[in-house]
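> Below are the structure tokens for one structure; questions will follow.
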Amino acid sequence: MVVSRQVLVEADRNFCAKLPNLVIQFRRFIRNLAMLMVEDPPAKAVKRAASLINRKDAPILAAAMESEADYLITLDKKHFLKQKATPNIPIEVCTPADFLRIFERLWLQD
């Protein structure tokens with residue numbers, strides 16, 4: 001699992017605003033994950049990603065591309081998929097539920 005600093009900040013902000021009673025549990029969950037933390041992507045990578053997706057989502061896509069992730073798991077899938085250039089995104093974009101189904105299928109193949 002790879003996550004950028006910006007994604008964690010945004011997720012924490014959303015928990016504080018929308019689910020304040022779960023902030024402590026969310027932070028504990030994040031601390032206990034064995035994830036690779038990547039720095040926010042360089043401006044050049046964000047600019048390249050902005051040619052594939054709207055500017056607001058470009059840093060998220062750029063971080064995923066820079067880390068060579070296979071999947072970008074998001075609850076904001078709608079904004080990624082409604083872009084006209086979506087077929088050019090080199091990463092499979094999916095919801096957490098979609099990814100769990102993919103993971104289960106891959107797990108059962110082994």
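> How many residues does the range 19-40 contain that are touching a helix residue (DSSP H, G or I) at 6+ places or on another chain (Cβ under 7 Å) and among the aromatic types (Phe, Trp, Tyr)?
Residues in the range 19-40 being touching a helix residue (DSSP H, G or I) at 6+ places or on another chain (Cβ under 7 Å) and among the aromatic types (Phe, Trp, Tyr): 1 in total.
> Take the residues of the range 57-97 that are of a type in the set (D, E, K, R) and surrounded by fewer than 15 Cβ atoms within 10 Å (Cβ to Cβ): which is modelled with the lowest pLDDT? Spell out the reasoning first.
Taking the range 57-97 as the starting set, the residues that turn out to be of a type in the set (D, E, K, R) are 57, 66, 68, 70, 76-78, 82, 84, 92.
Restricting the remaining residues to those that are surrounded by fewer than 15 Cβ atoms within 10 Å (Cβ to Cβ) gives 68, 70, 76, 78, 82, 84, 92.
Values: GLU68: 93, ASP70: 92, ASP76: 77, LYS78: 66, LYS82: 64, LYS84: 49, GLU92: 88.
If we take residues in the range 57-97 being of a type in the set (D, E, K, R) and surrounded by fewer than 15 Cβ atoms within 10 Å (Cβ to Cβ), then LYS84 is modelled with the lowest pLDDT.
> Any idea which of (1) without any contact (Cβ under 8 Å) to a residue 60 or more places away in the chain; (2) surrounded by 11 or more Cβ atoms within 10 Å (Cβ to Cβ) is the one VAL2 doesn't satisfy?
(1)
> Can you name every residue in the range 20-52 that is surrounded by fewer than 16 Cβ atoms within 10 Å (Cβ to Cβ), of a type in the set (Gly, Ala, Ser) and touching a residue at least 12 places away in the same chain (Cβ under 8 Å)?
ALA34, SER51
> Could I ask something else about it? Do any residues in the range 5-16 that are in contact (Cβ under 8 Å) with a residue 24 or more places away in the chain have Cβ atoms under 7 Å from those of residues that are among the charged types (D, E, K, R) and loosely packed, with under 12 Cβ neighbours inside 10 Å, where the two are at least six apart or on different chains, and which pairs are they?
Close Cβ pairs satisfying both conditions: ARG5/GLU39.
> If you don't mind, another one. Could you list all residues from the range 2-57 that are within 13 Å of the chain's Cα centre (by Cα) and assigned to a helix (DSSP H, G or I)?
ARG5, GLN6, VAL7, LEU8, VAL9, GLU10, ALA11, listed by residue number.
The values are calculated or read from the model by the stated rules, or taken from the named source; none is laboratory data. Given the structure is predicted, the values throughout are model-derived calculations rather than measurements. A quick note on method: Cβ atoms are made from the backbone with ideal geometry, for glycine too, and the neighbour counts reach across all protein chains shown.
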